[in-house]
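The values are calculated or read from the model by the stated rules, or taken from the named source; none is laboratory data. Just so it is clear, the structure is predicted and the values come from calculations on it, not from any experiment. We place every Cβ from the backbone using ideal geometry, glycine too, and count neighbours over all the protein chains shown.
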Amino acid sequence: MLIRKRFLNTKVKILTGIMIAGLVVSGSLLTLPTVQAKSVVSDDYPLNDSAHWNTEPIWRDEFDGTSLDRESWNVRSGGWGANHVQSCYRDREENINVKNGSLNIVGLYKPGERCSGNEKSGNFTSGFVETKGKKAWTYGYIEARIKMPNNKSTWPAFWMSPNESAYGSWPRSGEIDIVETKGSNLDYAAADAHWGISPGYKKHAQGKKLPAGFKDTTQWHTYGVKWTEGKLEYYIDGVKFHTVNGFGQPNAANTPYGPFDKPFFLRLNLAIGGDYIDGKGSKWSNAYNALAEYPKSFPATMSIDYVRVYERRTAKEVNVPDNNLRAQLNKKLSTALSTNRKDDQKITDVELEKLTDLNLDAADNASESDKIHDLTGLEAAKNLKTLSLKNNSVFDLRAVSNIKSLKSVNLTINR
């Protein structure tokens, strides 16, 4: 519903729910509702870098339903033939379920359960989901919010693999490990990337120097990777803690950014037992030890609140039909960006987001043809805090009504 108010014989239209804290009209301040912006983490975190990244996901799964979305996810079944993992992966409700807004991957002790894999596989089951053949991306920011299990012999992981083996079998086509944890140390988390020529001639770049204050993987944390040409940057709770720059030799890909220049798909799994947990032959790498000492630690559950994929942003031209507004904005952008701009120069959304305090006052003796009449285009200035339009002829504030950061608008002597 529109609320109409008359100021100096002029109708000013304001949308209900306008996100402006103060409106100055003829020297009087009107207080309106405001919404506080979300707290920020770090400048290079993609969700805090709207100049370079779209902050709305291009794909997401919020797990708000009652079952796994089989249009996006496959469920892997069978054993895992490496690292002495003991669990059999099963496509069962008891191992993979969606409840209370989370995907739950559950490890169970199941005496008598058997599967192909390695000599230790069996008597434990768990879950493994992946988007192979259904959803894959080249570059982007990929993030999940996860709560890890409290079980000494668990090895949960959120990772990515190539949708097709363009450069050959593992590790030739690469692997991106967004996060791996281990139940033997609840303050441990690591990121990694693998590439190379063969399993015996390869390279990896693990990072486990965690952000200050990080602890207890059994609490909710976000884990993400920013993947761009020639670089992988890893984040926990929005704080970057590891970077892989370039992918040196040995490398099977004869391309500048290979093997990480092809589509990769997502994987989430909970391994029971395995060499990753403190090394081959270690106590907690054998899940029977966790079962003996902490029998109530089974079932062991890895819960995922969401998985989201974001893409880098391309600047878009903003429609500014009012020539006086365009000229004024280009003058302000010349100062803000330290560049020389023409009055009629095209303006992009990325440029307008640089503006925070905007004075567009007209001169006291300005003619009607020199005044601003239409604010269309200012909706893209979404970091604007104050806006002054004194002596103009603005009738309609709808263009700025949804700017959450905007605290005051001065409309003194608008006719």
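What to note about this one:
- Those helices (runs of 4 or more DSSP H) lying entirely in the stretch 248-362 with at least 2 residues within 30 Å of TYR89 (Cβ to Cβ) and not assigned by TED's automatic domain parsing to the domain that holds LEU389: 287-293
- Filter result for ASP344 (modelled with pLDDT of 95 or more, more than 30 Å from TYR139 (Cα to Cα), surrounded by 13 or more Cβ atoms within 10 Å (Cβ to Cβ) and acidic (Asp, Glu)): no
- Annotation note: of TRP170, TRP227, the sole residue that is aromatic (Phe, Trp, Tyr) and in contact (Cβ under 8 Å) with a residue 60 or more places away in the chain is TRP227.
- In the stretch 377-411, residue farthest from GLU351 (Cα to Cα) [restricted to those that are touching a Leu at 6+ places or on another chain (Cβ under 8 Å) and among the hydroxyl-bearing types (Ser, Thr, Tyr)]: SER408
- SER285 being among the polar types (S, T, N, Q), in contact with an Asp or Glu (Cβ under 8 Å, 6 or more places away or on another chain) and over 27 Å from GLY230 (Cβ atoms): yes
- Selected residue (criterion: modelled with the highest pLDDT) from residues of the stretch 218-275 that are basic (Lys, Arg) and within 25 Å of PRO149 (Cα to Cα): ARG267
- Residue check, GLU379 surrounded by fewer than 20 Cβ atoms within 10 Å (Cβ to Cβ), within 25 Å of the chain's Cα centre (by Cα), in contact (Cβ under 8 Å) with a residue 24 or more places away in the chain and not in a loop (DSSP other than H, G, I, E, B): yes
- Tabulated pairs, the stretch 330-345, first among the basic types (Lys, Arg), second in a loop (DSSP other than H, G, I, E, B), C-beta under 7 angstrom, 6+ apart or interchain: LYS332/LEU355
- Residues in the stretch 61-101 that are outside any loop (DSSP other than H, G, I, E, B), crowded, with 21+ Cβ neighbours inside 10 Å and in contact (Cβ under 8 Å) with a residue 40 or more places away in the chain: ASP61, SER87, TYR89.
- Looking across the stretch 122-161, the residues that are of a type in the set (Ser, Thr, Tyr) and either part of a loop (DSSP other than H, G, I, E, B) or surrounded by fewer than 24 Cβ atoms within 10 Å (Cβ to Cβ) (or both) come down to THR125, THR131, THR138, TYR139, SER153, SER161.
- Verdict on GLY213 being free of Cβ contacts under 8 Å to residues at least 24 places away in the same chain and either at positive phi or out of contact with any strand residue (DSSP E or B) (no Cβ under 9 Å at 6 or more places or on another chain) (or both): yes
- Considering only residues in the stretch 162-185 that are of a type outside the set (Ser, Thr, Tyr), surrounded by fewer than 19 Cβ atoms within 10 Å (Cβ to Cβ) and assigned to a loop (DSSP other than H, G, I, E, B), the one that is nearest to the chain's Cα centre (by Cα) turns out to be GLU164.
- Residues located in the stretch 347-360, provided they are surrounded by 13 or more Cβ atoms within 10 Å (Cβ to Cβ) and more than 33 Å from the chain's Cα centre (by Cα): LEU360
- Criterion applied to GLU317, GLU293, GLU353, GLU311 was being at negative phi, modelled with pLDDT of 95 or more and in contact with a Ser or Thr (Cβ under 8 Å, 6 or more places away or on another chain), and the one residue passing it is GLU317.
Table: residues versus (1) closer than 19 Å to SER401 by Cβ; (2) of a type in the set (Asp, Glu).
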site	(1), (2)
TYR310	no, no
GLU317	no, yes
GLN328	no, no
ASP344	no, yes
GLU351	no, yes
LEU360	yes, no
ALA363	no, no
SER369	no, no
LEU375	yes, no
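- Extreme residue, farthest from PHE241 (Cα to Cα), among residues of the stretch 173-201 that are without any contact (Cβ under 8 Å) to a residue 40 or more places away in the chain and of a type in the set (D, E, K, R): GLU175
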